[in-house]
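The values are calculated or read from the model by the stated rules, or taken from the named source; none is laboratory data. As the structure is a prediction and not an experimental result, all values here were calculated from the model. Here Cβ is always computed from backbone atoms with ideal geometry, including for glycine, and neighbour counts include all displayed protein chains.
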Amino acid sequence: MKKTGVFFIYGDNGAGKTTLLNAINWCLYGDIIFHGVEQALEVKPNWADENDVTKVRLIIHDDDKKYQLSRVASCYDNKGILDAREIDEKGNVGNSLSEIASDAIVVRILPMNIRNLFFLSENFSNEILGHKSTNSLKNNIYRVSELETIENAIAHLAETESKLAADHTKALKDSDKIEKLTETIDRARVMIKENEAAVEKAKNKIAEHEDSLTKLRNILDNSQHTRELQKQRDDYEAAISTTDNELASCEADITECMQKNYQKVLLIDGIEEYWNALKAANDAGIIPAPINPKIIEQSKKIGICACCGEKIGENQIAFMNERQRQYEEIDKLKFLADGIHEFSNMRADINDAWCILRDAMDKQERQAQIRAGFVEQLELIREKLDDIDEANLPNNPEERRREIKAKIEKWESRRREYAQNIVDWTDAENKAFAERKRLMNSAGSDAQELEKELDKIKHLRDLLITLRDEAEQLIRNRIKDGVWESFKKILPDTQFAEISIDDNYTFNFIDKNGYSSTVSKLCVGEAKTLALSLISTLSNDIGYSDAPLFIDNLFAGIATSHFGDITHCVESLSDKKQIFITYLFARDGAKVSSNFNPAVIKQNIHAIKDKSGICFVEEDR
Amino acid sequence: MKKGITWPTIRATQADKGIMDAIKSHDGRLKLIDSKDLMMIAAALAVEYNLPYDSRIQDKMSDTISYANLNTPAYEEYRHFISAIYFMTKAEKKVENMKDVSDMVKNFEDYAHRGILYLKDKYLDEKEGDSELFMNFVELLSSRS
């Protein structure tokens, strides 16, 4: 085949024209692009034998190289596997190329994503110019340009942005929670510190009061001990006082004994001699013993001696009277007679005095020993008392002790309360910390970082959108201009004065009167002309100007008046590429549409043939 | 007391009285002793130790030794001791020489004076006078009981 030109495939209905195009498509891409034929979705017809296989083989030229592309389908595999082999200059077919290499060959011929612009069904104008189908102009333009990539990037960024926004929203919520939890943690830590300080203070207070209690206890112990010592001291002092009194009494007895008896012991010998002399003198009548006048009187009265109890007579009475008379006469010596009686017991008195003195001295010695013992004990007690500081003794120690114990209880209660507070706040801190950690881990990053990331994504997306919009605008303008130039070239007598393309790639035509109309208002011929102009423009722009073009049933629905325009359009396209066109070659008698005039078609085809030198290809089952 | 006999008041020299007051104030076993008892002990000491006569007995006498005279019954023993001292000294141990109680008192004052001087030396002025005097008493009492 020639590298450029138009190749017509004609035949009856069901002859396999479209199937042939489908086969080429299937060989290249593994799917069926044209529908409307029986079992279009099945590569292998259902009437085929089970063991039959569907096999398509294409020989293609790629620059200076030649390849054989083949694909085989079984009843189990509609898609089959592309088998690409290089054909050398001698026509020898080489080994199968790798799948990647095979796909690369296909891509160099015509990438799958833009093949919709090159495999055209009979309604291709509606599909391409319409904006609803997957083969809409916009979708095709997006596919053949980088816009799809940009759009995908925008969509991806939008999706990412959406996710980030969701994360950001969640992070903001989590951030609030984290902030509150941080506040809780901070507050808990402050409270823990405060309570720890309070516990320490309480401990110090308790220690202080316990120290006071211990001191008080010691004081009380000392006080009791002091009282005991004081009592002992008083007892000993009293005992010493008693012994002192005893000693004083003894000393008084001794002194009195001495003062009253010293002269006696000094003079006892002389007094005894004097006493004997007095008795002798008395016996000699020098100092007659006096007789008590009362006794004499009483004895005389009763007749019985008052001294001896003997009966007295006149003689005795006379003796008494004589003695009384003599006694009174010896006046100057009579007082000495009393000395006989006075000194009669002198020795006994001295003996008594000795006994008294000895007893007193013995007692004095004993009391002195006792006293010395008491004094010794008293000194010890006084030493102990001197060591006791009684100045600190409280007035009411027991009440003071109760007060201190009450204070200790109060501070102990507070300490327990503070300690429990520490436990509670520590628990709260741990829970808040764990929750915050969980939130921070789940958030991955905080809201600010997410916001920055989101801004970057937004900025990038905005840039891409701007880029897309600008690129799209350029593309639209180029398409519009290119299409309009082609359109005017093909239809120089067109009634339209201007063409525009909106955001949905919908063409609008403005006639010379200023009225606008959409593509839908165009006739099929005009629409197909417009579509082919568009394809021509796009294929030039996207670098696939030489890619083959497959048009199924090109003249379907076209008024004969537009055959020439279509033919002219195809002819202009064929300068750079191969164009395969099927058309219905109705046999004689076959029903054709009223708009279909085979003669006109043949005429136009022949015109093409004459210009391009292409040959007819007739396919028959 | 028999009628017709009046005992004179005992006196001592003023110096003796001062010594006696010092003895009565001295911290010893004669402290606060009655003046007449002190004079009796002094006289007994003079008799017992045959203390020599001292002419200062002729010095001015003080009669304020005791405002109670010896004529009351309470001093009967005291009077007999004066008599006994007189018997042992100036009466030359003859009862018939003992008719003058005034002389007995003077004799007593004489011996008391001697004894007071002795006590001054041995009791007041000696460091261990009180103790030695007391020991003397104890020994005498022990030996003569």
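Odds and ends about this structure:
- The set of residues in the stretch A:149-195 being closer than 17 Å to A:Q448 by Cβ and over 21 Å from the mean Cα position of the chain (by Cα) consists of A:E161, A:L164, A:A165, A:A166.
- Taking the stretch A:340-366 as the range and being touching a helix residue (DSSP H, G or I) at 6+ places or on another chain (Cβ under 8 Å) and not in a helix (DSSP H, G or I) as the test, the residues that pass are A:F343, A:S344.
- Among the conditions (1) surrounded by 20 or more Cβ atoms within 10 Å (Cβ to Cβ); (2) farther than 24 Å from A:R143 by Cα; (3) without any contact (Cβ under 8 Å) to a residue 60 or more places away in the chain, the only one that A:I510 does not satisfy is (1).
- Residue in the stretch A:222-229 that is at pLDDT 80 or above, crowded, with 17+ Cβ neighbours inside 10 Å and assigned to a helix (DSSP H, G or I) present: yes
- Hey, A:L278 at pLDDT below 90, at the interface with another protein chain (Cβ under 8 Å from one of its Cβ atoms) and surrounded by 17 or more Cβ atoms within 10 Å (Cβ to Cβ) or not: yes
- Residue among A:A531, A:A556 that alone is modelled with pLDDT of 75 or more, surrounded by 21 or more Cβ atoms within 10 Å (Cβ to Cβ) and over 60 Å from the mean Cα position of the chain (by Cα): A:A531
- Selected residue (only one of A:I271, A:I296, A:I240, A:I219 is more than 30 Å from B:I85 (Cα to Cα) and modelled with pLDDT of 80 or more): A:I240
- The set of residues from the stretch B:89-130 being β-branched (V, I, T) and within 11 Å of another protein chain (Cβ to nearest Cβ) comprises B:T89, B:V95, B:V101.
- So A:L538, is it hydrophobic (A, V, I, L, M, F, W, C), buried (at least 23 other Cβ atoms within 10 Å of the Cβ) and in contact with a Phe, Trp or Tyr (Cβ under 7 Å, 6 or more places away or on another chain): no
- Residue match in the stretch A:288-298 (condition: of a type in the set (K, R), free of Cβ contacts under 8 Å to residues at least 60 places away in the same chain and farther than 26 Å from B:M40 by Cα): yes
- Test: A:G313 is at pLDDT 80 or above and within 14 Å of chain B (Cβ to nearest Cβ): no
- Pair list, Cβ under 6 Å, 6 or more apart: the stretch B:13-30 residue of a type in the set (S, T, N, Q) and modelled with pLDDT under 95, other residue exposed (fewer than 13 other Cβ atoms within 10 Å of the Cβ) and outside any helix (DSSP H, G or I): B:Q14/B:K60
- Of all positions in the stretch B:89-99, none carries a residue that is modelled with pLDDT under 90, touching a strand residue (DSSP E or B) at 6+ places or on another chain (Cβ under 9 Å) and not in a strand (DSSP E or B).
- Residue within the stretch A:586-608 that is at pLDDT 75 or above and touching a Phe, Trp or Tyr at 6+ places or on another chain (Cβ under 9 Å) present: no
- The single residue among A:I219, A:I178 that is under 30 Å from A:I408 (Cβ atoms) and not charged (D, E, K, R) turns out to be A:I219.
- Test: residue in the stretch A:198-205 that is touching a Pro at 6+ places or on another chain (Cβ under 9 Å) and touching a residue at least 40 places away in the same chain (Cβ under 8 Å): no
- When A:E146, A:E86, A:E159, A:E99 are checked against the criterion of being surrounded by 16 or more Cβ atoms within 10 Å (Cβ to Cβ) and more than 30 Å from A:A428 (Cα to Cα), A:E86 stands alone in meeting it.
- Residues that are under 30 Å from A:E146 (Cα atoms) and under 42 Å from the mean Cα position of the chain (by Cα) occur at least once in the stretch A:441-451.
- Residues of the stretch B:1-60 that are within 15 Å of B:Y123 (Cα to Cα), among the charged types (D, E, K, R), more than 9 Å from chain A (Cβ to nearest Cβ) and touching a Ser or Thr at 6+ places or on another chain (Cβ under 9 Å): B:D16, B:D21, B:K24.
- Only one of B:Y67, B:Y49 that is at pLDDT below 95, under 12 Å from B:G115 (Cβ atoms) and among the aromatic types (F, W, Y): B:Y49
- Selection within the stretch A:482-507 - in a strand (DSSP E or B) and not β-branched (V, I, T): A:F496, A:A497, A:E498, A:S500, A:F507
- If the condition is being among the small types (G, A, S), in a helix (DSSP H, G or I) and either within 17 Å of A:K488 (Cα to Cα) or in contact with a helix residue (DSSP H, G or I) (Cβ under 8 Å, 6 or more places away or on another chain) (or both), then the stretch A:508-559 contributes A:G525, A:A527, A:A531, A:S533, A:S536, A:S539.
- Just one of the listed residues (A:Y236, A:Y262) is aromatic (F, W, Y), out of contact with any His (no Cβ under 9 Å at 6 or more places or on another chain) and more than 30 Å from B:L45 (Cβ to Cβ), namely A:Y236.
- Qualifying position, being buried (at least 16 other Cβ atoms within 10 Å of the Cβ) and either at pLDDT 90 or above or more than 14 Å from chain B (Cβ to nearest Cβ) (or both), among A:K193, A:K264: A:K264
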